[in-house]
Amino acid sequence: MSFKIAVAGKGGTGKTTVCSLLLGALMRRGIKPLLAVDADPNSCLAEYLGVEMGHTLGQIRDDTLAKKDEIPAGVSKAQVVEYAMHRALSEQDGFDLLTMGRTEGPGCYCYVNNLLRGFMTELEKNYAFVVIDNEAGLEHLSRRTSRNVDALAVISDGTRAGLTAAGRIVGLVCELDIGVGKSFLVQNRHAGPCLDSVEGASLAGCIPPDPAVEEIGKAGGSLLSLPAESPAAAAADGILEALTGNRWR
Ligand SMILES: Nc1ncnc2c1ncn2[C@@H]1O[C@H](COP(=O)(O)OP(=O)(O)OP(=O)(O)O)[C@@H](O)[C@H]1O
Ligand SMILES: [Mg+2]
């Protein structure tokens, strides 16, 4: 059984940062295998993790399906989609990374998307933990990547707008009944004091503004290289405990 964590929140509140920090916290505990999924169509998780971004699953799927004539007879669409998923999966030191790209475009890919959902569910079973980065806003809540997650970390900064957006997301998650085990609030880039909760979600942790995180955001580098005692990494350790209820122990 794998434990799935996804993030949500207003634009720029630190979703990708928190995903990277959580991955770092999991790696420090020697937990494996780990899968990081970048489900933001404007993918940048690879960058924050300091690894090369390969082709996205959406690209590979579209390229392969566009060359229909070259697909040998007897090879089904299902096989093409499964192949695309495995080609998009990149093995890194300590984790695997799957960058989705634009997988649910305006065209009707319903059949292909259904196939993909099935393969993703099977893939995730191979990992101890799956960490999913999402785009800003609410739209992804209706997609598979935010469904059936064990813990949803709703990220906010200290602003009223960020917290209002977080509250709205938590409310919608309850309403939509999308199989989120538990929603949590994470206050990021906030010198504190942090709120204990927004309605429906208790605080999993508070990440202070960390100059090392800001520097990596600006100049590049890997958030996985932050020392365990850096303020952001230390906060992520506590957040992981809150999100999982110490499940790895
Ligand atoms: N705790 C922190 N301390 C300092 N800088 C931070 C912190 N958290 C995030 N940042 C910086 O804030 C910016 C936004 O963070 P990030 O990209 O993680 O947000 P996001 O929610 O994923 O954004 P988007 O909605 O565009 O996907 C980045 O430049 C990042 O380096
Ligand atoms: Mg992001």
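Throughout, read-outs are computed from the coordinates displayed, never taken from laboratory work. What you see is a predicted model, and the numbers here were worked out from it, not measured in a lab. For neighbour counting, all protein chains shown are included, and Cβ atoms are generated from backbone atoms with ideal geometry for every residue, glycine included.
Report the residue, chosen from Glu91, Glu214, Glu70, that carries the largest GNM mean-square fluctuation when the chain is represented by alpha-carbon nodes joined by springs under 10 Å.
Result: Glu70 has the largest fluctuation of those listed.
Could you line up Asp63, Asp38, Asp69, Asp96 from fewest to most neighbouring Cβ atoms inside 10 Å?
Neighbour counts put them in this order, fewest first: Asp69, Asp63, Asp96, Asp38.
I need the peptides 196-202, 4-10, 173-179 ranked by packing, meaning the mean over residues of other C-beta atoms within 10 angstrom, with the highest value on top.
My ranking of the peptides, most packed first, is 4-10, 196-202, 173-179.
Given bins 5 angstrom wide, list per bin the percent of all Cα-Cα distances in the range 3-244, short to long.
1, 6, 14, 18, 19, 16, 11, 7, 3, 2, 1, 0, 0
Just want the ordering: Thr121, Thr64, Thr56, Thr17, from fewest to most Cβ atoms lying within 10 Å of their own Cβ.
Thr121, Thr64, Thr56, Thr17
Can you list the residues, at least 5 places off or on another chain, whose amide H is less than 5 Å from the amide H of Ser202, using H built in the peptide plane?
Leu185
Hey, if you drop one equal point scatterer on each alpha-carbon of the range 52-141 and run the Debye formula without solvent, what base-10 log of I(q)/I(0) do you get at q = 0.11, 0.24 Å⁻¹?
Computed log10 I(q)/I(0) values: -0.33, -1.43.
Using θ = phi - 60° and the Karplus relation 6.51 cos²θ - 1.76 cosθ + 1.60, list the HN-Hα couplings for the range 69-76 in order, rounded to whole Hz, with x at every Gly or Pro.
So the Karplus estimates, Gly and Pro as x, are 5, 8, 6, x, 4, x, 8, 7 Hz.
Which of Tyr111, Tyr127 has the fewest other C-beta atoms within 10 Å, and how do the rest follow up to the most?
Tyr111, Tyr127
Can you say what percent of the DSSP beta bridges in the range 112-249, counting only those with both residues inside, are antiparallel? Round to 5.
In the range 112-249, approximately 15 percent of DSSP beta bridges are antiparallel ones.
Once every DSSP H run of n ≥ 4 in the chain is given -39500 (n - 2.57) and the sum is divided by its residues, what mean residue ellipticity at 222 nm do you get, rounded to the nearest 500 deg cm²/dmol?
-12000 deg cm²/dmol
For Lys68, which aspartates and glutamates qualify as cross-link partners when the Cα separation must be under 20 Å and same-chain residues fewer than eight apart are set aside?
The qualifying aspartates and glutamates are Glu82, Glu104.
Which value, in debye to the nearest 20, describes the size of the charge dipole of the chain about its Cα centre when Lys and Arg Cβ atoms bear +1, Asp and Glu Cβ atoms bear -1, and nothing else is charged?
Taking the Cα centre of the chain as origin, the dipole is about 460 debye.
Nearest 5 percent is fine: what portion of the DSSP beta bridges confined to the chain is antiparallel?
15
Could you work out the relative contact order of the chain? I mean the mean sequence separation of Cα pairs under 8 Å and 6+ apart, divided by the number of residues, in percent.
30
In whole Hz, with x marking every Gly and Pro, tabulate ³J(HN,Hα) for the range 36-44 from phi via Karplus 6.51 cos²θ - 1.76 cosθ + 1.60, θ = phi - 60°.
Result, rounded to whole Hz: 9, 10, 9, 9, 8, x, 8, 3, 8.
Can you divide the C-alpha Rg of the range 143-249 by 2.2 N^0.38 Å and report the result to two decimal places?
Here the Cα radius of gyration is 1.12 times the empirical estimate.
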